[in-house]
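Worksheet: one structure, shown below.
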Amino acid sequence: MLEIRGLTATVDGREILHGIDLDVPAGEVHAIMGPNGSGKSTLAHVLAGRDGYEVTGGRVGFGGRDLLALAPEERAAAGLFLAFQYPVELPGVGNANFLRTALNAVRRARGESELDAVQFLKLARAEAKRLSMPEDMLKRNVNVGFSGGEKKRNEVLQMAILRPRLAILDETDSGLDIDALRIVADGVNALRGPQTSALVITHYQRLLDHIVPDRVHVLAHGRIVRSGGAELARQLELEGYAGMAADAA
Amino acid sequence: MNTIVALQPAWLREGAASFLARYEGLRARLPGDTAVREAGAAAFRARGLPGVRDEAWHYTSLRPLAETRFAEPLTAIAACDRLMARLPAIDAPRLVFVDGRYRDDLSVVPGAVAVRVGGPAYGSLAQPERDNMVALNTMLTGDGAAIEVAAGADGGTLLLVSLGSGGTAERPIAFHPRHALHLGRAARLALIEVAIGEGVYLHNPVLEATLEEGAVLTHLRLQDESRAAFHLATLYADIAAGASYDGFTLAVGARLGRLEVHARLAGRGAAAHVNAAQLLGGRQHGDVTSVITHDAPACISRQTVKNVLSGHARGVFQGRIAVARDAQKTDGYQMNQALLLSPDAEVDSKPELQIHADDVKCSHGATVGELDAEQLFYLRSRGIAATDARAMLVRAFLGGALEPIAHEAGRRALEAAIDQWWESEAA
């Protein structure tokens, strides 16, 4: 599904990723853990195609395509979804209109028929209910006046509606209380299937109690320094990052 | 030659002289009150065309207009199917003027409103001795509509349409319609003005609107003139106690466009909304200039002017709120916002408060920005193509301005014009 080979990237001329190698096969959930400043969010943004992140080497294959050659909207149409660490507020853009425009853009690109307003609202209401979101969140402007937890749930709602093949969650757990965490985790688990994958980026192990990963990778100083099974996350929780980062140096 | 004109550059003087020569040739044949017309001509002789030294025209140069020689429209019998097809689909009576002349065959006369056409409808509000373009209009106007809604009557919706059709690059034409509107006590009307056209022309309309006590005027204007045309409109509104003027102008057309509004809150508790949006690209120049005068206590004025500018377009906003000494409890608000879609677009903003009363609440502000890169990326990361993402953000920027328009069909017409503008921009 996702094949990263020797990926290097700079931000403002400074190299942040020093050569990432990573495979996420179809149907698997991988976690990326690491201390602040290790390059976790940079990796997420590079994969989503954000301006200002310059890829200086390596390649990324996504479902057999060259991901780095695609515009952000083409990556979304190909099935990539990034849940933002800091979801962006869009004053003047209604949430329902935003979601429907996004869904229909993606459906068009995939050669599927567009949903009309009635069909869409039925779908959106059902998904919102599953995520325990108040229905009026669909009527409000995108993320405007949302609490931290509501913003994260709105990301998961978008993910549920767009049904990506690879979901990247960039510290989606930060700032969530335990109930919200469970709702977010349920949203991700509901997407799991033989054809869908997820890359869960997190600082803490607690999200991984709810989304149990197939593989855990430790990122430090822009490199993956260790990979293992789900038990690696618990080991990290006990021992901290310091030892592993030192191993890499 | 008097001193004002003598100090002007030659091209400005010569532009004015050509209009005066036209007047000398036509004066015997022009209809309407000759005393008013002569006074307009005297004012135009004295003041000429405005130059950038005139404070009210500091940001808008009329040089391209002054250097164009305009001819008289030929008798309009042209079929206007193509232009008529561009009219917004609003089911209402309409008064259609082609190249400044009333066209009975294209109009649908209203039932609830009294209308007189066939000559200029001079009112009592215009100030040609101060406003150059109004002096020019007063001197050369040939036609217009006098619209009257009786006290207590609801005039419904009325379209006032200007089609520019007969001007070409070889033979540009000028027309100066002169309209007057009177709403009796507690009368109501939704007046939707639409100006569209093809070719090269000057459209220089003046509308004088008088609202008696408790009257309510909804006034929507869609300026979608030919991109080679000049559109210089002046509006006077006199708003009596408890009356409400609710105006919104959307300007997308003309190479050089200007709306100048003089709104006077004349009686206690009167209200004025003087809102506008300009969507300009290429080398278009658009100007919204307004003077809102609070002459009575406890009046409210609201003004939000939004500019979306791409290419080398230039947007100008000059807004003055003047509060007279006894206009206590005045509530005035003015905001000018610009969204620049290109590094070569430019906006000039000059808000101004002149307050002579001591118990007032007045505020104004201006913002200039570009599309937010984070917002764009967020939309694109959800699969929305870059052009569509930009369109969504521009609509969001304009959304707040259109939302308060209660006239459903009118608002939809303006929204459609915005969509169309965006499509032509994106193409």
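The values are calculated or read from the model by the stated rules, or taken from the named source; none is laboratory data. All values derive from a computational prediction rather than experimental measurement. Using ideal geometry, Cβ is built from the backbone for each residue, glycine included, and neighbour counts are taken over all protein chains shown.
State all residues of the stretch A:167-183 that are in contact (Cβ under 8 Å) with a residue 24 or more places away in the chain and away from every other protein chain (no Cβ under 14 Å); if no residue qualifies, say none. So that I can check it myself, show each step before the final result.
The first filter runs over the stretch A:167-183 and keeps only residues in contact (Cβ under 8 Å) with a residue 24 or more places away in the chain, leaving A:167-177, A:180-183.
Once the filter is applied, which keeps residues that are in contact (Cβ under 8 Å) with a residue 24 or more places away in the chain and away from every other protein chain (no Cβ under 14 Å), the stretch A:167-183 yields A:GLU171, A:THR172, A:ASP173, A:SER174, A:GLY175, A:LEU176, A:ASP177, A:ALA180, A:LEU181, A:ARG182, A:ILE183.
For every residue, the table says whether it meets (1) touching a Pro at 6+ places or on another chain (Cβ under 6 Å); (2) within 20 Å of B:GLU403 (Cβ to Cβ).
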| site | (1), (2) |
| --- | --- |
| B:LEU280 | no, no |
| B:GLN284 | no, no |
| B:ILE300 | no, yes |
| B:ALA324 | no, no |
| B:LYS329 | yes, no |
| B:GLN337 | no, yes |
Could you list, ordered by first residue, the pairs with Cβ atoms under 7 Å in which the first is in the stretch B:296-324 and in the same structural domain as B:LEU339 (by TED's automatic domain parsing) and the second is at pLDDT below 95 and acidic (Asp, Glu), at least 6 apart or interchain?
B:PRO297/B:ASP326; B:SER310/B:GLU425; B:GLY319/B:GLU352; B:ARG320/B:GLU352
Can you give me the ranges of the helices (runs of 4 or more DSSP H) entirely in the stretch A:62-166 with at least 1 residues that are within 11 Å of another protein chain (Cβ to nearest Cβ) and within 24 Å of A:ASP179 (Cα to Cα)?
A:148-162
Only one of B:ALA391, B:ALA413 is in a helix (DSSP H, G or I), more than 12 Å from chain A (Cβ to nearest Cβ) and of a type in the set (A, V, I, L, M), namely B:ALA413
Check whether at least one residue in the stretch A:41-59 is acidic (Asp, Glu) and either facing another protein chain (nearest Cβ under 10 Å) or surrounded by 22 or more Cβ atoms within 10 Å (Cβ to Cβ) (or both), and report yes or no.
yes
Residue tally, condition within 14 Å of chain A (Cβ to nearest Cβ) and closer than 30 Å to B:THR293 by Cα, over the stretch B:344-381:
2
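Please indicate, with yes or no, whether at least one residue in the stretch A:87-103 is free of Cβ contacts under 8 Å to residues at least 40 places away in the same chain and closer than 28 Å to A:TYR204 by Cβ.
No, the conditions are met nowhere in the stretch A:87-103.
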Considering only residues that are touching a Leu at 6+ places or on another chain (Cβ under 8 Å), among the charged types (D, E, K, R) and assigned to a loop (DSSP other than H, G, I, E, B), which ones fall in the stretch B:54-99?
B:GLU72, B:ASP99
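Residue-wise test of (1) within 20 Å of B:GLN278 (Cα to Cα); (2) under 26 Å from the mean Cα position of the chain (by Cα); (3) surrounded by fewer than 16 Cβ atoms within 10 Å (Cβ to Cβ).
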position	(1), (2), (3)
B:MET335	yes, yes, no
B:HIS356	no, no, yes
B:CYS362	no, yes, no
B:ARG380	no, no, no
Only one residue in B:ALA233, B:ALA241, B:ALA251 is surrounded by fewer than 22 Cβ atoms within 10 Å (Cβ to Cβ) and modelled with pLDDT of 95 or more. Which one?
B:ALA241
Going by what's in this entry, would B:ASP81 be described as more than 23 Å from the chain's Cα centre (by Cα) and either modelled with pLDDT under 95 or exposed (fewer than 13 other Cβ atoms within 10 Å of the Cβ) (or both)?
yes
Screening A:LYS122, A:LYS139 for residues that are free of Cβ contacts under 8 Å to residues at least 12 places away in the same chain and of a type outside the set (A, V, I, L, M, F, W, C) leaves only A:LYS122
Kindly indicate the residue of the stretch A:1-25 that is in contact with a His (Cβ under 8 Å, 6 or more places away or on another chain) and among the β-branched types (Val, Ile, Thr) and also farthest from A:GLY52 (Cα to Cα) among those meeting that condition.
A:VAL24
Number of the condition not met by B:SER342 [criteria: (1) over 30 Å from A:LEU103 (Cβ atoms); (2) touching a strand residue (DSSP E or B) at 6+ places or on another chain (Cβ under 7 Å); (3) hydroxyl-bearing (Ser, Thr, Tyr)]:
(2)
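Yes or no, residue by residue, for (1) crowded, with 19+ Cβ neighbours inside 10 Å; (2) out of contact with any helix residue (DSSP H, G or I) (no Cβ under 6 Å at 6 or more places or on another chain); (3) of a type in the set (Gly, Ala, Ser):
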| site | (1), (2), (3) |
| --- | --- |
| B:GLN284 | yes, yes, no |
| B:VAL288 | yes, yes, no |
| B:ALA296 | yes, yes, yes |
| B:ARG302 | no, yes, no |
| B:LEU309 | yes, yes, no |
| B:GLY319 | yes, yes, yes |
| B:VAL323 | yes, yes, no |
| B:GLN328 | no, yes, no |
B:ALA43 - would you say it is out of contact with any Phe, Trp or Tyr (no Cβ under 8 Å at 6 or more places or on another chain), part of a helix (DSSP H, G or I) and either at pLDDT 95 or above or not assigned by TED's automatic domain parsing to the domain that holds B:GLU129 (or both)?
yes
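Just give me the residues in the stretch B:394-410 being more than 22 Å from B:TYR333 (Cβ to Cβ) and either facing another protein chain (nearest Cβ under 7 Å) or surrounded by 15 or more Cβ atoms within 10 Å (Cβ to Cβ) (or both), in sequence order.
If the condition is that a residue be more than 22 Å from B:TYR333 (Cβ to Cβ) and either facing another protein chain (nearest Cβ under 7 Å) or surrounded by 15 or more Cβ atoms within 10 Å (Cβ to Cβ) (or both), then B:VAL394, B:ARG395, B:ALA409, B:GLY410 are the ones that fit.
For (1) buried (at least 23 other Cβ atoms within 10 Å of the Cβ); (2) at pLDDT 95 or above; (3) under 28 Å from B:ALA243 (Cα atoms), each residue gets a yes or a no:
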{"site": "B:GLY118", "(1), (2), (3)": "no, no, no"}
{"site": "B:ASN132", "(1), (2), (3)": "yes, yes, no"}
{"site": "B:ILE147", "(1), (2), (3)": "yes, yes, yes"}
{"site": "B:ALA153", "(1), (2), (3)": "no, yes, yes"}
{"site": "B:SER162", "(1), (2), (3)": "yes, yes, yes"}
{"site": "B:ALA174", "(1), (2), (3)": "yes, yes, no"}
{"site": "B:LEU181", "(1), (2), (3)": "yes, yes, yes"}
{"site": "B:GLY184", "(1), (2), (3)": "no, yes, yes"}
Residue under question is B:VAL36, and the condition is that it be outside any loop (DSSP other than H, G, I, E, B) and of a type in the set (A, V, I, L, M, F, W, C); does it hold?
yes
Can you confirm whether the stretch B:184-191 contains a residue that is closer than 22 Å to B:LEU83 by Cα and in contact with a helix residue (DSSP H, G or I) (Cβ under 8 Å, 6 or more places away or on another chain)?
no
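Among the candidates A:ASP173, A:ASP209, single out the residue that is assigned to a loop (DSSP other than H, G, I, E, B) and under 22 Å from A:ARG234 (Cα atoms).
That would be A:ASP173, the only listed residue that is assigned to a loop (DSSP other than H, G, I, E, B) and under 22 Å from A:ARG234 (Cα atoms).
Is it true that some residue in the stretch B:325-335 is polar (S, T, N, Q), more than 14 Å from chain A (Cβ to nearest Cβ) and within 20 Å of B:ASN307 (Cβ to Cβ)? Talk me through it step by step, then tell me what you get.
Going residue by residue through the stretch B:325-335, those that are polar (S, T, N, Q) are B:328, B:330, B:334.
Those left that are additionally more than 14 Å from chain A (Cβ to nearest Cβ): B:328, B:330, B:334.
Next, from what is left, pick out any that are within 20 Å of B:ASN307 (Cβ to Cβ): B:334.
Taking every residue of the stretch B:325-335 in turn, at least one turns out to be polar (S, T, N, Q), more than 14 Å from chain A (Cβ to nearest Cβ) and within 20 Å of B:ASN307 (Cβ to Cβ).
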Flag for A:HIS30 being buried (at least 19 other Cβ atoms within 10 Å of the Cβ) and either within 30 Å of B:GLY400 (Cα to Cα) or within 12 Å of chain B (Cβ to nearest Cβ) (or both):
no
Taking A:ASN141, is it surrounded by fewer than 22 Cβ atoms within 10 Å (Cβ to Cβ), farther than 18 Å from A:LEU82 by Cβ, in contact with a strand residue (DSSP E or B) (Cβ under 7 Å, 6 or more places away or on another chain) and not β-branched (Val, Ile, Thr)?
yes
Check the stretch B:157-175 and report whether any residue there is of a type in the set (S, T, N, Q), in the same structural domain as B:CYS80 (by TED's automatic domain parsing), on the phi < 0 side of the Ramachandran plot and not in a strand (DSSP E or B).
yes
